[in-house]
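Written out below as structure tokens is the structure these notes cover.
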Amino acid sequence: MKIKRYVICIFSIIFILSGMIFGFILFENRYLMPYYRPDSEMIEWYFNRDKEEIIRITDYFVGMKSNVSFDSVDFKAMNYKSFIKDQKVVDDLKTLFEEKGYEVIGKNNNTIYFQKWSRGADLGIGLAYLIDLDAKSDLEFLVKLEPLLEKNWYFYESDYNEWRLRN
């Protein structure tokens with residue numbers, strides 16, 4: 001009887017631990033993201049997954065006259081209410097930062113961007129929306145801009161070191 005309880009306890013622990021590990025790995029790659037550099041297909045997948053929040057934020061930012069940038073660390077501490085009056089947009093930003101793993105979201109003149117991955121301050125990868133297709137992107141140190149399936153949306157890569165060598 002003791003052996004049976006012991007075996008059940010061991011299997012329960014193994015089951016719980018394997019479930020935790022499996023959940024950790026599959027939780028939308030959020031914890032693996034710092035080690036995995038996404039490509040344009042992966043960014044397209046994130047865009048489709050998070051489209052509702054991204055479109056609402058983009059629509060709001062298009063109407064803004066000033067540039068703005070929020071990062072995942074400082075968003076809670078920043079006075080975002082002076083920039084954003086729509087509570088739904090604030091909630092969407094919180095969702096993208098806290099639940100979906102975005103690092104930086106902002107507007108720089110003609111470009112609204114959703115940075116999904118970075119390596120320090122020198123390299124960033126994400127999703128960009130060009131407000132005016134006839135104008136250039138205003139992302140700093142831009143080295144790659146590939147169109148996604150939806151009009152005005154792009155996969156972008158900014159890399160200070162590569163940009164510096166090119167210019």
Give just the number: which of (1) in contact (Cβ under 8 Å) with a residue 60 or more places away in the chain; (2) under 18 Å from the mean Cα position of the chain (by Cα) does I131 not satisfy? (2)
G101 being modelled with pLDDT under 80, out of contact with any Ser or Thr (no Cβ under 7 Å at 6 or more places or on another chain) and on the phi > 0 side of the Ramachandran plot: no
Out of (1) of a type in the set (S, T, N, Q); (2) surrounded by 19 or more Cβ atoms within 10 Å (Cβ to Cβ); (3) in contact with a Lys or Arg (Cβ under 8 Å, 6 or more places away or on another chain), what's the single condition that is false for N67? (2)
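The values are calculated or read from the model by the stated rules, or taken from the named source; none is laboratory data. Here the structure is a predicted model, which means the values were calculated and not measured. Glycine also receives a Cβ, built like all others from the backbone with ideal geometry; neighbour counts cover every protein chain displayed.
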